[in-house]
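K.L.:
Before I ask anything, let me first share the structure, which is written out below as structure tokens.
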Amino acid sequence: MRHSVKRCALSLIALLSWGAASTTLAQVDSRTASLSRQLGQGMEPGARSRAASGLGASDDPEALGPLCEGLKDTSEQVRAAAAQALGVLKEVAGVECLKARKGEPDSAARAAILASLKTLQSLKEQPPRFYVQLVDVKDRTGQLSPEVLRFTEARMRRKLSQMGAMVAPVRENKAAAQGVLRKYGVRGFRLQAEIHDTESGGLQVTMACISYPDQTLLGDVELHAAGAKPEDLLKVLAPRIIEEAADTFEWDT
């Protein structure tokens with residue numbers, strides 16, 4: 001049975017309440033960039049260490065690259081802080097750069113690397129709660145750069161990972177998908193997201209949820225918002241649309 005479309009209009013104020021009530025979206029974005037610069041260029045090890053800790057707590061997938069670079073810092077204090085921050089960030093792609101630094105000479109930094117590696121490997125190896133194939137996000141506005149689409153999809157994937165999803169290969173055949181579902185005893189979904197302009201000058205994200213691999217349309221969810229730059233809106237709309245789909249289509253049942 002197909003669900004009716006679920007539409008939610010989010011004002012900029014609502015978005016801020018959901019993300020961080022005391023800051024603007026632009027400030028959230030610039031904070032990650034600022035911390036990344038401080039980690040890479042700060043004069044004092046203490047300042048670089050604090051920047052690493054801030055990136056770890058940012059919940060921003062774009063913090064991964066700067067933190068991996070921080071593992072190569074000349075200061076063992078900064079390397080330890082970057083390693084610890086990767087465990088806090090919980091971006092499973094951090095496993096590779098942590099593995100590359102297992103030969104760290106400083107004992108404290110090495111302990112932080114091994115601890116974060118254990119955390120991320122545990123996340124990577126946990127049994128999935130559901131199986132999802134995420135199709136490339138479509139830009140129906142014709143105005144978004146490839147970079148914006150890339151980080152929009154990255155935030156969707158991060159939210160899926162945080163919710164316990166196993167993400168399916170894009171070109172997986174039906175037999176392989178059915179084998180994964182049998183192995184883990186979970187349900188499968190295919191997600192197709194599109195970004196549209198709105199009459200108010202904002203953006204609307206529409207996501208179709210389809211059974212996988214049987215390809216039966218279950219329904220759609222929509223979120224739209226205005227009041228900030230498109231890239232700033234999408235940084236919040238991307239994970240939020242995943243939450244709306246999970247709630248509407250009861251992925252955990």
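K.L.:
If you fit an axis through the alpha-carbon atoms of helix 107-125 and take the longest principal axis of the Cα set of the chain, what angle between them do you get, 0 to 90°, nearest 10?
P.N.:
It is inclined by approximately 10 degrees.
K.L.:
Turning to a different aspect of this structure: Expressed in nm to one decimal, what extension gain is obtained for the pair Glu147 and Glu125 from 0.36 nm per residue of sequence separation less their Cα-Cα distance? Present the calculation step by step, with values, prior to reporting the outcome.
P.N.:
On the way: separation 22, 0.36 × 22 = 7.92 nm, distance 2.93 nm.
So the extension gain works out to 5.0 nm.
K.L.:
At His196 and Arg182, where each label point lies 7 Å from the Cα along Cα→Cβ, what is the point-to-point distance in nanometres?
P.N.:
4.0
K.L.:
Further question on the same structure: With label points built 7 Å along Cα→Cβ from the Cα atoms of Lys229 and Gln41, find their separation and express it in nm.
P.N.:
Between Lys229 and Gln41, the label points sit 1.7 nm apart.
K.L.:
Among DSSP beta bridges whose residues both lie in the chain, state the antiparallel percentage, nearest 5.
P.N.:
Working: 17 of 31 bridges.
Bridges in the chain are about 55 percent antiparallel.
K.L.:
Okay, next question. What lysines does Lys118 reach when the alpha-carbon gap must be under 25 Å and sequence neighbours fewer than 8 apart in one chain are set aside?
P.N.:
Those lysines meeting the cut-off are Lys72, Lys90, Lys99, Lys102, Lys159, Lys183.
K.L.:
Then there's this: Please list Cys209, Cys68 from largest to smallest accessible area, probe radius 1.4 Å, with all protein chains kept in place. Working shown, then result.
P.N.:
On the way: Cys209 0, Cys68 25 Å².
Result of the area sort, largest leading: Cys68, Cys209.
K.L.:
Skipping prolines and chain starts, which residues have an amide H placed within reach, meaning under 5 Å, of the one on Leu134, given they are 5 or more residues away or on another chain?
P.N.:
Ala168, Leu191
K.L.:
Once label points are set 7 Å from the Cα along Cα→Cβ at both Lys138 and Gln162, what is their separation, rounded to one decimal in nm?
P.N.:
Taking the two extended label points, one gets 2.7 nm.
K.L.:
Using only the alpha-carbon atoms, what does the range 106-253 span along each of its principal axes? Please give whole angstrom values in decreasing order.
P.N.:
Taking the Cα atoms of the range 106-253, the three principal extents are 55, 44, 26 Å.
K.L.:
Give the residue list of GluC sites (Glu not before Pro) in the range 170-237 that are DSSP loop and have at most 13 other beta-carbon atoms within 10 angstrom. If you can, show how the numbers build up before the last one.
P.N.:
On the way: sites: Glu172, Glu194, Glu199, Glu222, Glu231; in loops: Glu172, Glu199.
Answer in residue order: Glu199.
K.L.:
I'd like the antiparallel share, as a percent to the nearest 5, of DSSP beta bridges with both residues in the range 133-253.
P.N.:
Working: 17 of 21 bridges.
Roughly 80 percent of the beta bridges in the range 133-253 run antiparallel, per DSSP.
K.L.:
Let me ask you something else. Could you please put Arg182, Arg31, Arg155, Arg171 in sequence from largest to smallest accessible area, using a 1.4 Å probe?
P.N.:
Working: Arg182 175, Arg31 125, Arg155 20, Arg171 215 Å².
Ranked from most to least accessible, the order is Arg171, Arg182, Arg31, Arg155.
K.L.:
Ok, one more. Using a 10 angstrom cutoff on alpha carbons, build the Gaussian network for the chain and name the most mobile of Asp214, Asp73, Asp60.
P.N.:
Result for the chain, Cα springs under 10 Å: Asp214 fluctuates most.
K.L.:
Tell me whether the chain comes out rounded, prolate or oblate; compute the Cα gyration tensor, take square roots of the eigenvalues as a ≥ b ≥ c, and use a/c under 1.5 as the rounded threshold.
P.N.:
oblate
K.L.:
Within a Cβ distance under 15 Å of Asp136, other residues only, what is the Lys/Arg minus Asp/Glu net charge? Write out the running numbers ahead of the final one.
P.N.:
Details: positive: Lys138, Arg140, Arg150, Arg155, Arg157, Arg171, Arg190; negative: Asp139, Glu147, Glu153, Glu172, Glu194.
Result for the neighbourhood of Asp136: +2.
K.L.:
So which chymotrypsin sites (Phe, Trp or Tyr not before Pro) in the range 101-177 end up in coil per DSSP with only 13 or fewer other C-beta atoms within 10 Å?
P.N.:
Working: sites: Phe130, Tyr131, Phe151; in loops: none.
Qualifying residues, ordered by number: none.
K.L.:
Among Thr141, Pro61, Ala82, whose Cα projects farthest towards the positive end of the dipole of the chain, with charges put on the beta-carbon of Lys, Arg (+1) and Asp, Glu (-1)?
P.N.:
Ala82
K.L.:
Further, regarding this structure: By how many degrees, 0 to 90 and rounded to 10, does the Cα axis of helix 146-162 deviate from the longest principal axis of the chain?
P.N.:
90
The values are calculated or read from the model by the stated rules, or taken from the named source; none is laboratory data. A quick note: this is a predicted structure, and the numbers were derived from the prediction, not measured. Backbone-built Cβ (ideal geometry, glycine too); neighbour counts: all protein chains shown. When the accessible area is computed, the model is the full protein with side chains, heavy atoms only, and any ligands, DNA or RNA have been set aside. Shrake-Rupley method; radii C 1.70, N 1.55, O 1.52, S 1.80 Å.
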